[in-house]
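Nothing in this text is a laboratory measurement; each read-out follows from the coordinates by a stated rule. Here the structure is a predicted model, which means the values were calculated and not measured. With ideal geometry, Cβ positions are generated from the backbone for all residues, glycine too; neighbour counts draw on all protein chains shown.
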């Protein structure tokens, strides 16, 4: 069952004379119980996509559904099942954590006081700590605590770990995994910290210029995306003499005495098919990618 779905979604900014396409026919789906990561450089469409999911923006076209409802028509019950942490989220500076909890707790029937105490201890925060007295990292931690203690069915976060120190980030990511594994919650977040994504998510979408370039289970993507390099004298000058490769190609590069393909459906069987077609004087290198390398090669 998919908890979040985006189908053919487009979002423009600007006026009729000059428009900027921020999200371009975007498709992805987040299954129930998964931790899903959105990757992309600045301007890739991550924040715009997230803001549409939580009804802060409307799409110009396409369909969005979260918990079976369109964001523009969320019922009150559904809204209380979705928590959102924006990239620049703040609370009134004069509030203490206790006062913020007192404001939020009555609004969310699933509020978790046990988790509140656990997170305060993990982030080394006192309940009477005022937001204006907190450091940048502590302020981010306060916002995370207020969202997570809503005990939502869906937790949507834009760069949630931004500003946290290494230890606080580790605590946060561990708790994300505990929530997803133990309570079958659905979590979607964007991050520029690729290590956080790689340690936490089970599915990922890589966006570029508002489009989805790759999407799927993280381990499967790492297995299926490869760079295949063919080396031989003057090989780049005679591409017509090379066999047609049995892969779906994301990118083709020609260099002196070599041709390179980045393929998205690698398998040993298809590789053996290619080996059988190659001239004897051609050598082959096959390169796998970790998440950071995969992100760079897709976005380059």
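Sorting 128-141, 199-212 by their mean Cβ neighbour count within 10 Å, with the most densely packed peptide first, gives 199-212, 128-141. Taking a ≥ b ≥ c as the square roots of the eigenvalues of the alpha-carbon gyration tensor, the chain is classed prolate because a/c is 1.5 or more and a/b outweighs b/c. The distance from the alpha carbon centre of segment 5-39 to that of segment 54-100 is 16 Å, rounded to a whole number. Ranking of 98, 233 by neighbouring Cβ atoms within 10 Å, starting from the fewest: 233, 98. Seen against the Cα atoms of the chain and their longest principal axis, helix 166-183 is set at about 90 degrees.
Distance between the C-alpha centres of segment 109-164 and segment 167-185: 13 Å, rounded to the whole angstrom.
Counted over segment 132-214, the DSSP beta bridges are approximately 40% antiparallel. For residue 248 and residue 217, the FRET efficiency from 1/(1 + (r/R0)^6), where r spans their Cβ atoms and R0 equals 25 Å, is about 0.90. By the count of other C-beta atoms within 10 Å, a proxy for reagent exposure, 196, 113 are ordered fewest to most as 113, 196.
The label-point distance for residue 267 and residue 75, in a model that sets each label 7 Å from Cα toward Cβ, rounds to 4.4 nm. In this calculation the C-beta distance from residue 256 to residue 277 is compared with R0 = 22 Å, giving a FRET efficiency of 0.45.
Distance between the modelled labels on residue 233 and residue 166, one decimal in nanometres: 5.2 nm (7 Å Cα→Cβ projection).
Relative contact order, whole percent, for the chain stands at 20, derived from Cα pairs under 8 Å and 6 or more residues apart. Each of the peptides 213-220, 182-189 was scored by the mean count of other Cβ atoms within 10 Å over its residues; in descending order, highest first, they stand as 182-189, 213-220. Label positions at residue 124 and residue 285, each projected 7 Å from the Cα along the C-beta direction, are separated by 4.5 nm. Seen against the Cα atoms of the chain and their longest principal axis, helix 268-277 is set at about 20 degrees. Once the Cα-Cα distance is subtracted from the 0.36 nm per residue extended length, the residue 65 to residue 299 segment shows a gain of 81.5 nm. The length gained on full extension between residue 88 and residue 20, counted as 0.36 nm times the residue separation minus their Cα-Cα distance, comes to 22.2 nm.
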